[in-house]
Amino acid sequence: MGCGRVGSSLAIALERAGHSVAIIDQSREAFRRLGPDFKGRAVTGVGFDRDTLLVAGIDTADAVAAVSNGDNSNILAARVARETYGITSVIARIYDPGRAEIYQRLGIPTVATVVWTTEQILHRIIPEGSRSEWRDSTGSVQLCEMNPQRQWFGYPLTAIEAATSTRVAFITRLGEALIPDEHMVLQDGDLLHVMVLDTDLESAELTLSKPPEERA
């Protein structure tokens, strides 16, 4: 739902990956963004209207992405897709960070555009701390990129887990993602990606912001 820059790019990418795609927008002119090679279904209408959704093929859909420029429209479309048609893979783009958090906790996955952009920019201006990369639908668990003090380099990842109450999901080393084993140590230049409870995030950031010997 939504054939703006995000929706059209998403539709084209999905089609190139071999998926069948239907895209809905209230403006017929918006479909020009899809280009002449798009073979999917373009439906003019309101994305949370049931008749429009049926024309788009909602009854056989595997996933729905609501990415129009309206928070209310996106969340309505996401709820109709999930609650009326039983689509389990549903995501809504939300501009209002407060609303995004509420809907996440209600079990509707959201992409909070403002929050994501802010975190990306802050992470590049101030690389310390952590950057959220994924959050579960309950809002209680995050996948975060953590930035430990340099003194942590050379320590086993198991020691980092024990000190921070996190689980190291993977590391990025020289541009390659690696699943850690019990013998792997953190090296200079590694990006550390951990799973952490929201309630433990602040403590984990504090622990990794200090050299290991200063943790006490």
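The values are calculated or read from the model by the stated rules, or taken from the named source; none is laboratory data. Being a predicted model, the structure only gives us computed values, none of them experimental. Heads up, the Cβs are rebuilt from the backbone with ideal geometry, glycines too, and the neighbour counts pull from every protein chain shown.
Taking only region 168-209 into account, find how many residues are free of Cβ contacts under 8 Å to residues at least 60 places away in the same chain and not in a strand (DSSP E or B).
Count: 20.
Is it the case, given these coordinates, that G139 is farther than 22 Å from P212 by Cα, outside any strand (DSSP E or B) and assigned by TED's automatic domain parsing to the domain that holds K210?
Values: farther than 22 Å from P212 by Cα: yes; outside any strand (DSSP E or B): yes; assigned by TED's automatic domain parsing to the domain that holds K210: yes.
Spelling it out, G139 is indeed farther than 22 Å from P212 by Cα, outside any strand (DSSP E or B) and assigned by TED's automatic domain parsing to the domain that holds K210.
Name every residue in region 147-184 that is surrounded by fewer than 17 Cβ atoms within 10 Å (Cβ to Cβ) and touching a Phe, Trp or Tyr at 6+ places or on another chain (Cβ under 7 Å), in order of residue number.
A177, L178, I179
Would you pick out the residues in region 10-32 that are more than 20 Å from L53 (Cα to Cα) and under 24 Å from the mean Cα position of the chain (by Cα)?
Going residue by residue through region 10-32, those that are more than 20 Å from L53 (Cα to Cα) are 13, 16-18, 32.
Within region 10-32, A13, R16, A17, G18 meet the criteria.
If you check S20 against the conditions, is it more than 16 Å from A56 (Cα to Cα) and among the hydroxyl-bearing types (S, T, Y)? Give the derivation first.
On the way: more than 16 Å from A56 (Cα to Cα): no; among the hydroxyl-bearing types (S, T, Y): yes.
For S20, the condition - more than 16 Å from A56 (Cα to Cα) and among the hydroxyl-bearing types (S, T, Y) - is not met.
Quick one: which of D37, D49 is surrounded by 14 or more Cβ atoms within 10 Å (Cβ to Cβ), of a type in the set (D, E) and in the same structural domain as R79 (by TED's automatic domain parsing)? Give the steps one after another, and end with the answer.
Details: D37 fails: surrounded by 14 or more Cβ atoms within 10 Å (Cβ to Cβ).
After applying the criteria, what remains is D49.
May I ask you to verify whether I126 is among the β-branched types (V, I, T), more than 28 Å from I75 (Cα to Cα) and at pLDDT below 90? Steps first, answer last, please.
Values: among the β-branched types (V, I, T): yes; more than 28 Å from I75 (Cα to Cα): yes; at pLDDT below 90: yes.
Here the answer is yes, as I126 does meet what is asked.
Give the residues of region 87-111 that are part of a loop (DSSP other than H, G, I, E, B) and either on the phi < 0 side of the Ramachandran plot or modelled with pLDDT of 75 or more (or both), sorted by residue number. Give the steps one after another, and end with the answer.
Residues of region 87-111 that are part of a loop (DSSP other than H, G, I, E, B), as a first pass: 87-88, 95-96, 106-109.
Once the filter is applied, which keeps residues that are part of a loop (DSSP other than H, G, I, E, B) and either on the phi < 0 side of the Ramachandran plot or modelled with pLDDT of 75 or more (or both), region 87-111 yields I87, T88, Y95, D96, L106, I108, P109.
Suppose the filter is within 18 Å of L76 (Cα to Cα) and at pLDDT 95 or above; does V21 pass it? Give the derivation first.
Details: within 18 Å of L76 (Cα to Cα): no; at pLDDT 95 or above: yes.
In short, no.
Considering only region 62-90, state which residues are among the aliphatic types (A, V, I, L, M) and surrounded by fewer than 17 Cβ atoms within 10 Å (Cβ to Cβ).
Looking only at region 62-90, we keep the residues that are among the aliphatic types (A, V, I, L, M), and these are 63-67, 75-78, 80-81, 87, 90.
If the condition is that a residue be among the aliphatic types (A, V, I, L, M) and surrounded by fewer than 17 Cβ atoms within 10 Å (Cβ to Cβ), then A63 is the only one that fits.
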